[in-house]
Each structure stands twice: as C-alpha cells, then as structure tokens.
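Quick notes on the structure that follows.
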Amino acid sequence: MRVTVSALLSANKSFLIMALSSLLYFAATFLAKKTMTEDDFYYWNVLLTVSAISYSFCFFGSEQLFLRCGQLRSGQYYVPANIIKIMIVSFSVYLVLFSLLTNMVLFRVNDFRLTILVGLLSASCVFVYNLLRITKLFTASQLINNFWKAALFLAVLIANGSNVREILYATLLLCLLVAVIVLIKTLPKINFTEDSTDNLMPLFIGFALSLFVLVLMNNFDRFFIETYFTKEEFSNYVYLLSLLIMPFSIVSSYIGFKEVAMLKTCYIKSEFHKKVILIGGGLAFIFTLWFAAVSILSGYLELDIQMSYFFPCIAIVVIKSIYSLYSAIFGLKATAQQIQVSNIISVVVVLLGASCSYLLIKEPFLILYVVAAVWLIRVLLFGFLIRHLADYQTN
C-alpha cells in the first residue's frame with residue numbers, strides 16, 4: 001500500500017502543486033478582504049484581473065504556434081526561428097497597448113510600473129510554462145506557473161493592511177527575477193530551425209483572435225461591472241468569483257494543460273467523450289460540496305452569497321472544465337478557417353451578452369447567467385466544428 005500511495009503522489013505532483021496554489025490563491029484573497037482598506041482591496045482585485053488578462057494574451061496567441069509547429073526529439077524542442085520572432089514582436093506590441101489600456105481606459109489605476117511588471121512576469125512564466133509542459137515536465141511547469149501565487153499570499157500576510165501597494169510591487173519584482181533566471185536556464189532546451197511553416201500567418205491571426213475572444217469571455221463581466229457599478233461592487237464581485245469559481249478555473253486550466261501533451265500523440269473520439277462526461281460530472285459534484293461549505297462559512301468569509309448563485313456558478317464550473325478539453329484538441333487540430341469561424345461567432349455572442357447585460361441587469365451578480373450562456377455557446381461551437389475529426393495515434 002505504501003508503494004501504491006507513493007507512486008500515486010509521484011505521478012500527480014503537478015496536480016498537487018496546482019491544488020496548493022489554488023489554496024494559497026483562496027487564502028490570499030480572503031486575507032486581502034479581511035485586512036485591506038476598500039481602496040487597497042480594489043487595487044488587489046485590479047491586480048488579479050490584469051494578471052489574468054496578461055497571462056492569457058501577452059503573446060497574442062503566438063505561443064500556440066510554438067506548441068503546434070515545434071517538434072520534441074530526445075528531450076529537445078525544435079521550433080522554427082520565425083515563430084520566436086513573432087512571439088517577441090507580439091509581446092512588445094502587447095506590453096505597450098496593455099499598459100495604455102489598463103491605465104487610461106480600464107480601471108485607471110495610473111500605475112504603469114505595475115502593468116509593465118505584470119506583463120514581463122506573465123511573458124516569462126507563460127513561455128517557460130509552455131516549453132516545460134510540451135516536453136512533459138509537468139511538475140516543473142506547474143511550479144513556474146504558480147509560484148507567484150504563493151509569493152502573493154506571503155505578501156498579503158506580511159502587509160497585513162499596511163503599505164499594501166509597495167509590498168505587492170516588491171513581491172512581483174522578486175517573482176520576475178526568479179522567472180527570468182528560470183527562463184535563462186530553460187532556453188538550452190530549444191533548438192531553432194529554419195524549417196518553412198505553411199499557413200503561418202492565417203494560423204497566427206486565428207490564434208490571436210481566439211485568445212482575444214477568450215480574454216473578452218473571461219473578463220467582459222468584470223469590465224461591465226467596473227464601468228457601471230461602484231468600486232465596492234466590483235471588489236465584491238471579484239471576491240465572489242475568487243472564492244467560488246477561481247479554484248475550479250485553475251483545475252480546468254490544469255486539465256487542458258495535461259490534455260495538450262496527450263492529444264499531440266493520440267485522439268480517440270469515444271475515449272475523449274467519456275473523459276468529458278467524467279470530468280464534468282466529477283467537478284459538478286465537488287462544486288456542490290464546495291458551495292455548501294462556502295455558504296456555511298459565508299459570515300466568517302464576509303461573503304454575501306445567495307442560493308440563486310448556485311445554478312449559474314455550477315454551470316460555469318462544469319462548462320469551463322469541458323471547454324478546457326475541447327480547447328486543447330481544437331487548438332491542435334482546427335483549421336485556420338474553423339478558428340476564424342469560431343472567433344467571429346464568439347465575438348457576436350459576447351457582444352450580445354454585453355448588450356443584454358447593459359439593458360437588463362440591474363444587480364451585479366445576475367451577470368453570472370450571461371457568463372454561463374456565453375461559455376456554453378463556445379463549447380457547443382467547438383464540439384460542432386470538430387465533430388468529423390478522425391481518430392489518430394502517432395506512437
């Protein structure tokens with residue numbers, strides 16, 4: 001039995017790291033709510049939001065070209081040099097636009113140091129994370145992807161409501177230093193080639209639009225609430241998401257992260273559908289228990305939670321977990337035309353969702369129903385577009 005347990009833990013180190021990071025993220029948000037002033041807590045929630053945006057979009061989707069067009073041979077990753085050039089240019093453009101947008105249009109925190117630092121940290125972590133996961137170093141990739149969450153927990157603990165912004169900035173700066181050191185050490189795993197890549201720009205544009213749509217889907221509710229409601233209501237909304245949904249979003253990201261490496265070599269449609277049902281059902285059950293626990297502790301957590309939140313929240317959790325699977329296979333095997341079609345339809349859906357929110361929603365948390373509907377349509381769209389994908393196995 002000892003050997004079995006030990007083997008199980010060893011095989012799931014990356015999952016344990018992800019689970020611990022989720023716990024620390026939860027704890028950091030709880031401590032922030034308990035100890036920070038209203039203004040500092042708003043700053044904290046803005047930091048979480050811009051970090052999520054940056055982690056999703058810092059390369060404009062060109063990291064998907066890195067995953068799709070490279071080849072793993074004997075522990076080394078061979079990738080066309082022009083893809084790295086696209087990634088560098090994409091990040092440079094992103095950093096400028098991201099800083100201007102978040103400081104002058106959205107949130108208006110007027111802190112260019114913060115947004116530039118978050119952008120640099122995100123790019124370093126995203127690049128190393130993708131390199132390590134495609135080489136199947138799952139534990140190491142999860143460490144680099146999540147270590148900053150542990151650092152933020154310590155920062156909130158140390159700050160204890162005082163000098164919050166300075167301590168958070170210093171922590172992020174230290175995280176960037178660690179990320180850059182790891183980046184330098186992992187670069188020898190890459191071999192640049194001069195291989196020609198067909199349809200590179202259409203794929204890049206498709207991936208860029210896909211991730212832009214994903215950023216909109218993940219954040220349009222926050223943009224809406226930040227624009228039309230008060231800072232306190234924005235903070236309360238993000239706090240609810242952080243405690244109820246974010247831990248499961250991290251789990252969904254982990255599912256997709258493992259699935260990409262597996263789908264590079266094998267796709268059996270019947271097995272894939274079984275996995276969809278198993279993961280969706282399993283997370284629905286776990287979320288039900290989680291919602292009950294959070295509801296019981298809502299007074300201590302300072303969380304205004306209602307039973308009506310359960311239905312849209314469990315829908316978001318289940319749909320996002322299923323989406324992580326479909327997104328993995330779609331990113332690897334979809335044609336440029338399919339990607340473009342999915343993007344156009346998704347943009348229309350997000351715009352319709354935002355319009356409905358503007359016209360109908362008078363209470364912030366009702367937008368959760370719109371979020372669930374938008375994600376459901378995205379999953380159904382992916383499933384429809386890849387319905388004729390043939391089974392394959394390359395090893």
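Would you mind listing the helices (runs of 4 or more DSSP H) fully within region 20-128 where at least 2 residues are modelled with pLDDT of 95 or more and over 30 Å from Asn236 (Cα atoms)?
Details: elements: 38-57, 62-69, 81-104.
In region 20-128, the matching helices (runs of 4 or more DSSP H) lie at 81-104.
Look at region 297-310 and say how many of its residues are assigned to a helix (DSSP H, G or I) and either of a type in the set (S, T, N, Q) or modelled with pLDDT of 95 or more (or both). Before the answer, list the steps.
The initial filter retains those residues of region 297-310 that are assigned to a helix (DSSP H, G or I), namely 298-301, 307-310.
Then keep just the ones that are either of a type in the set (S, T, N, Q) or modelled with pLDDT of 95 or more (or both); that gives 298, 308, 310.
Here the count works out to 3.
Could you go through region 339-357 and let me know if any residue there is among the aliphatic types (A, V, I, L, M) and in contact with a Gly (Cβ under 8 Å, 6 or more places away or on another chain). Scanning region 339-357, I find at least one residue that is among the aliphatic types (A, V, I, L, M) and in contact with a Gly (Cβ under 8 Å, 6 or more places away or on another chain), so the answer is yes.
For Leu278, state whether it is more than 19 Å from Tyr309 (Cα to Cα), out of contact with any helix residue (DSSP H, G or I) (no Cβ under 9 Å at 6 or more places or on another chain) and not aromatic (Phe, Trp, Tyr).
Details: more than 19 Å from Tyr309 (Cα to Cα): yes; out of contact with any helix residue (DSSP H, G or I) (no Cβ under 9 Å at 6 or more places or on another chain): yes; not aromatic (Phe, Trp, Tyr): yes.
Yes: the conditions hold for Leu278.
Go through Ile377, Ile319 for me and flag whichever is among the hydrophobic types (A, V, I, L, M, F, W, C) and touching a Leu at 6+ places or on another chain (Cβ under 9 Å).
Ile319
Val96 passes every criterion in (1) out of contact with any Gly (no Cβ under 6 Å at 6 or more places or on another chain); (2) in contact (Cβ under 8 Å) with a residue 40 or more places away in the chain apart from (2). When region 191-240 is examined, which residues are found to be polar (S, T, N, Q) and over 28 Å from Gln71 (Cβ atoms)? Result: Asn218, Asn219, Thr227, Thr230, Ser235, Asn236.
Selection of region 158-180 for residues being surrounded by 16 or more Cβ atoms within 10 Å (Cβ to Cβ) and either part of a loop (DSSP other than H, G, I, E, B) or outside the structural domain of Met87 (by TED's automatic domain parsing) (or both) yields an empty set. Within region 181-201, the residues that satisfy the criterion of being within 24 Å of the chain's Cα centre (by Cα) and either surrounded by 16 or more Cβ atoms within 10 Å (Cβ to Cβ) or more than 25 Å from Gly119 (Cα to Cα) (or both) are Val182, Leu183, Thr186. If you scan region 267-293, which residues turn out to be touching a residue at least 40 places away in the same chain (Cβ under 8 Å) and not basic (Lys, Arg)? Tyr267, Ile268, Phe272, Val276, Ile279, Gly280, Trp290, Phe291 - these are the residues of region 267-293 that are touching a residue at least 40 places away in the same chain (Cβ under 8 Å) and not basic (Lys, Arg).
The C-beta contact set for region 133-157 (first residue over 17 Å from Val182 (Cα atoms), second residue β-branched (Val, Ile, Thr), distance under 6 angstrom, 6+ apart or interchain) comprises Ala155/Ile167; Ala155/Thr171. Taking (1) free of Cβ contacts under 8 Å to residues at least 12 places away in the same chain; (2) within 13 Å of Val213 (Cβ to Cβ) in turn, Leu366 satisfies each apart from (2).
Could you please let me know if Ile296 is surrounded by fewer than 18 Cβ atoms within 10 Å (Cβ to Cβ) and either of a type in the set (A, V, I, L, M, F, W, C) or within 18 Å of the chain's Cα centre (by Cα) (or both)? First the steps, then the outcome.
Numbers: surrounded by fewer than 18 Cβ atoms within 10 Å (Cβ to Cβ): yes; either of a type in the set (A, V, I, L, M, F, W, C) or within 18 Å of the chain's Cα centre (by Cα) (or both): yes.
Spelling it out, Ile296 is indeed surrounded by fewer than 18 Cβ atoms within 10 Å (Cβ to Cβ) and either of a type in the set (A, V, I, L, M, F, W, C) or within 18 Å of the chain's Cα centre (by Cα) (or both).
Taken over region 236-271, the criterion of being at pLDDT 85 or above, hydrophobic (A, V, I, L, M, F, W, C) and either buried (at least 20 other Cβ atoms within 10 Å of the Cβ) or within 17 Å of the chain's Cα centre (by Cα) (or both) is satisfied by Val238, Leu240, Leu241, Leu243, Leu244, Ile245, Phe248. Taking the criterion of being of a type in the set (S, T, N, Q) and closer than 30 Å to Thr394 by Cβ, the residues of region 32-79 that qualify are Ser56, Ser62, Gln64, Gln71, Ser74, Gln76.
The values are calculated or read from the model by the stated rules, or taken from the named source; none is laboratory data. As the structure is a prediction and not an experimental result, all values here were calculated from the model. Positions of Cβ are backbone-derived with ideal geometry, glycine not excepted, and every protein chain shown enters the neighbour counts.
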